[in-house]
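Below is one structure; the comments refer to it alone.
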Amino acid sequence: MKRLVLFLILLFIPVIPAQADSTITLVEPMHRGADGIFIDDDLASAITPQGRLGKALFDRTSAVRSYVIDMATIEEIQDLADGYSFINESGEVVEIPEFLIADIWLNTLRSAVKGRSVSALPYGNPDKKFLEGKSPAEYEFLKQVGTSRLAAFLTLPVTSVDSLELGGESIAKNRALSDLYRRDLRILYSVAPAPELLSLRLALGQILNPALSKESGDLLYEELTEALGENSRKLRVARGNYTITAANYDLPVTIINDFSVPVNVELIARPTNSRIVVGAAPLVSVAANSQSQVEIPLRIIASGETQIELKLRSQKGKQIGEAEYIPLRLAVISPLTTWFTTGMAIILLLAAVIQSMRRVKKRKKS
């Protein structure tokens with residue numbers, strides 16, 4: 001039944017001759033947030049027969065010789081096909097259970113590119129000048145991903161091209177947060193190259209698309225930063241309260257890894273005052289979706305209340321997430337205090353013995 005509906009819709013799509021020797025470009029700025037919800041319904045409108053991306057495919061002839069495609073746009077259209085959610089102008093989330101036009105558009109694309117030259121844009125079509133200046137390796141990574149994913153989707157050979165200059169500046173270009181986001185993401189990804197972090201890494205290419213409007217960029221960037229913060233908390237030190245009564249104590253610390261991949265991290269412990277001396281902790285390996293315990297040697301100098309600062313670092317010495325402060329209650333009697341107390345007890349005992357002997361002598365004399 002679904003195939004019949006697709007056929008009927010395609011039957012009524014007009015075919016208008018395109019210009020000879022033309023190149024069709026299929027790229028859209030980002031519409032889908034980090035939570036998977038579309039911030040508008042513009043992409044769905046763009047792929048209809050009357051929309052820009054719809055006309056690009058449906059209004060064509062055999063004269064079209066080449067295609068330039070952004071795989072980020074294709075993946076967002078794929079997400080429309082089996083149902084999606086978007087935020088309307090009133091700020092309400094609208095549910096669309098199924099969107100047949102998306103399937104039609106994707107199938108038409110697969111058919112149209114056969115026998116044509118196909119080029120893949122860097123994933124998201126990021127601002128080339130800006131990103132290459134900040135991180136050439138990241139730009140090359142987005143080029144590789146855009147090419148490999150498009151080739152897999154079309155099952156055809158695909159060449160790689162540089163980003164298109166769309167006559168604008170990426171919203172994140174003048175934001176200090178873009179540097180902070182990329183730095184924190186790079187550190188976390190180097191420790192846990194999980195699929196959930198790969199999507200955030202690829203979103204950097206989309207957020208740096210020069211065609212992205214300021215309003216959309218602000219909203220999408222805020223969502224990405226929040227999603228990165230949530231992911232950084234997947235790797236953390238468990239909270240706890242400890243009462244220590246021994247002069248030397250191995251403090252058990254639990255490291256939790258909620259990522260879908262194993263991680264290797266370094267645990268750094270630092271005392272917040274001079275009541276304790278902290279020894280070194282070994283490198284910690286934590287399996288995926290698991291936790292591991294490591295012991296930190298402590299030497300207690302004086303009793304009282306204190307804290308120990310715990311940080312997780314990558315093997316390259318970069319801090320991961322925020323520091324955790326563990327409260328410690330130290331109830332240890334120092335050797336000096338022990339000797340003093342014992343000495344006083346002996347003195348009191350001797351005094352009591354002498355006093356008793358004097359009483360005995362007085363009784364004998366009387």
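The values are calculated or read from the model by the stated rules, or taken from the named source; none is laboratory data. Everything numeric in this text was worked out from a predicted model, so none of it was measured. In this analysis, Cβ positions are derived from the backbone assuming ideal geometry, glycine residues included, and neighbour counts consider all displayed protein chains.
Tell me yes or no: at least one residue of region 207-214 is under 23 Å from Pro29 (Cβ atoms) and in a helix (DSSP H, G or I).
Within region 207-214 (the criterion being under 23 Å from Pro29 (Cβ atoms) and in a helix (DSSP H, G or I)), the answer is yes, since at least one residue qualifies.
Where the second residue is part of a loop (DSSP other than H, G, I, E, B) and hydroxyl-bearing (Ser, Thr, Tyr) and the first is assigned by TED's automatic domain parsing to the domain that holds Ile207 and lies in region 31-57, which pairs have Cβ atoms under 9 Å and are six or more apart or on separate chains?
Gly54/Thr48
For residues in region 285-301 being touching a Leu at 6+ places or on another chain (Cβ under 9 Å) and surrounded by 14 or more Cβ atoms within 10 Å (Cβ to Cβ), which is farthest from Ile244 (Cα to Cα)?
Out of the qualifying residues, it is Val286.
Just to be sure I understand, how many residues within region 226-243 are crowded, with 18+ Cβ neighbours inside 10 Å and touching a Phe, Trp or Tyr at 6+ places or on another chain (Cβ under 9 Å)?
Qualifying residue count for the region: 4.
Need the failing condition index for Pro210 against (1) in contact with a Lys or Arg (Cβ under 6 Å, 6 or more places away or on another chain); (2) over 26 Å from Ile301 (Cβ atoms), just the number.
Of the numbered conditions (1) in contact with a Lys or Arg (Cβ under 6 Å, 6 or more places away or on another chain); (2) over 26 Å from Ile301 (Cβ atoms), the odd one out for Pro210 is (1).
From (1) within 29 Å of Arg186 (Cβ to Cβ); (2) surrounded by 14 or more Cβ atoms within 10 Å (Cβ to Cβ), pick out the condition that doesn't hold for Gly133.
Here Gly133 clears every test but (2).
Scan Leu212, Leu283, Leu312, Leu235 and give me the residue that is closer than 23 Å to Asn125 by Cα and in contact (Cβ under 8 Å) with a residue 12 or more places away in the chain.
Leu212
Output yes when any residue across region 107-129 is at positive phi and surrounded by fewer than 16 Cβ atoms within 10 Å (Cβ to Cβ), and no when none is.
Yes, region 107-129 contains at least one residue that is at positive phi and surrounded by fewer than 16 Cβ atoms within 10 Å (Cβ to Cβ).
Kindly list the number of the only condition in (1) out of contact with any helix residue (DSSP H, G or I) (no Cβ under 7 Å at 6 or more places or on another chain); (2) in a loop (DSSP other than H, G, I, E, B) that fails for Ser260.
Condition (1) is where Ser260 drops out.
With the requirement that a residue be over 12 Å from Gln293 (Cβ atoms), assigned to a strand (DSSP E or B) and either of a type in the set (A, V, I, L, M, F, W, C) or touching a Ser or Thr at 6+ places or on another chain (Cβ under 6 Å) (or both), what does region 238-256 give you?
Ile244, the sole residue that qualifies.
Which of the residues spanning region 55-91 are out of contact with any strand residue (DSSP E or B) (no Cβ under 9 Å at 6 or more places or on another chain) and modelled with pLDDT under 95?
Listed by number, the residues that qualify are Lys55, Phe58, Asp59, Thr61, Ser62, Ala63, Ala81, Asp82, Glu89, Ser90, Gly91.
If you scan region 263-298, which residues turn out to be outside any loop (DSSP other than H, G, I, E, B) and either among the basic types (Lys, Arg) or not assigned by TED's automatic domain parsing to the domain that holds Ile308 (or both)?
Arg270
More than 22 Å from Val64 (Cα to Cα), at pLDDT 90 or above and among the hydrophobic types (A, V, I, L, M, F, W, C), is that true of Phe153?
The answer is no for Phe153.
Scanning region 308-323 for residues that are over 10 Å from Val191 (Cα atoms) and crowded, with 17+ Cβ neighbours inside 10 Å, which turns out modelled with the lowest pLDDT?
Gly321
Based on what the data block shows, is Val332 at pLDDT 90 or above and either surrounded by 13 or more Cβ atoms within 10 Å (Cβ to Cβ) or in a loop (DSSP other than H, G, I, E, B) (or both)?
No.
Out of the residues in region 281-298 that are modelled with pLDDT of 90 or more and not hydrophobic (A, V, I, L, M, F, W, C), state the one that is nearest to the chain's Cα centre (by Cα).
Among them, the one singled out is Asn289.
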